[in-house]
Amino acid sequence: QVQLVESGGGLVQAGGSLRLSCAASGGTGSGYAMGWFRQALGQEREFVAAINRSGASTNYADSVKGRFTISRDNAKNTVYLQMNSLRPEDTAVYYCAARDGFFLRVTGEEYEYWGQGTQVTVSS
């Protein structure tokens, strides 16, 4: 069983930056492909970014391409989401997810483990 704990959320002005972290424990963090998803109030959860087990392959939602960067440190069992040029529409609860496998996926249903989420609020 893998436990995921997100941190790094908060309130930031439009144009600012935040870095989210997701620490994995209770399993082998390097043994999982990881993803970030978000859910805004009253909306469905949506894919943000994903990274494969080695870190060599990444994928991003069109809405965040060029602004967000996903990365991982397998020695620390941690995945990161660097968010730059933040916009008010990025406001949401951000969730880290892990799937048992090498390859990344962009649909939430393919992830077995989820964190509790961290709130990101971008003011205009």
Scan the chain and hand back the longest stretch that contains none of the chymotrypsin sites (Phe, Trp or Tyr not before Pro) lying in DSSP loops with at most 16 other Cβ atoms within 10 Å. 1-101
Per residue of the range 112-117, what does 6.51 cos²θ - 1.76 cosθ + 1.60 with θ = phi - 60° give for ³J(HN,Hα)? Whole Hz please, x for Gly and Pro, Karplus curve as stated. 8, 10, 9, x, 7, x
What translational D, rounded to a whole number of µm²/s, comes out for the range 27-68 from Stokes-Einstein when the hydrodynamic radius is the Kirkwood one over Cα pairs, at 4 °C and 1.567 mPa s? 113
The range 1-35 scanned against label point 7 Å out from Glu112 along Cα→C-beta; backbone N under 16 Å for 1-4, 24-35
Surrounding charge for Gly26, neighbours by C-beta under 14 angstrom, Lys/Arg +1, Asp/Glu -1, total -2
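Could you order Asp73, Asp90, Asp62 by accessible surface area, starting with the largest, using a probe radius of 1.4 Å? Could the numbers behind the result be given before it?
Details: Asp73 50, Asp90 0, Asp62 125 Å².
Ranked list, largest accessible area first: Asp62, Asp73, Asp90.
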Provide the gained length on full extension for the span Lys76 to Gln1, in nm with one decimal, where the gain is 0.36 nm per separating residue minus the Cα-Cα distance. 25.3 nm
How far apart, in nm, are two points set 7 Å out from the Cα along the Cα-to-Cβ line at Ser123 and at Asp100? 4.5
Can you tell me how much longer the chain between Ser57 and Arg87 gets when fully stretched, taken as 0.36 nm per residue apart minus their C-alpha distance, in nm with one decimal? 8.2 nm
Distant-in-sequence amide H partners of Tyr113 (H built 1.01 Å from N, under 5 Å): Ala98
Karplus-derived 3J(HN,Hα) from phi for the range 48-59 (6.51 cos²θ - 1.76 cosθ + 1.60, θ = phi - 60°), whole Hz, x at Gly and Pro, runs 10, 7, 8, 9, 7, 5, 7, x, 7, 10, 9, 8
Ignoring ligands, DNA and RNA, what percent of the 1.4 Å accessible area of the chain is carbon and sulfur? 45
Considering only the other residues whose Cβ falls under 13 Å of the Cβ of Gly55, what net charge follows from Lys and Arg at +1 and Asp and Glu at -1? +2
Could you tell me how many cubic angstrom of Cα convex hull volume the chain has per residue? 88
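Write down the accessible area per residue of the chain in Å², having rolled a 1.4 Å probe over the full set of protein chains.
50
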Across the range 83-92, in residue order, what do the Karplus-derived ³J(HN,Hα) couplings come to in whole Hz, using 6.51 cos²θ - 1.76 cosθ + 1.60 with θ = phi - 60° and x for Gly and Pro? 10, 10, 6, 5, 10, x, 6, 7, 4, 4
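The values are calculated or read from the model by the stated rules, or taken from the named source; none is laboratory data. Keep in mind that what you see is a predicted model, and the values were worked out from it rather than measured. When we count neighbours, we look across all protein chains shown, and the Cβ atoms used for this are built from the backbone with ideal geometry, even at glycine. With ligands, DNA and RNA removed, areas are computed over all heavy atoms of the protein, side chains included. Shrake-Rupley method; radii C 1.70, N 1.55, O 1.52, S 1.80 Å.
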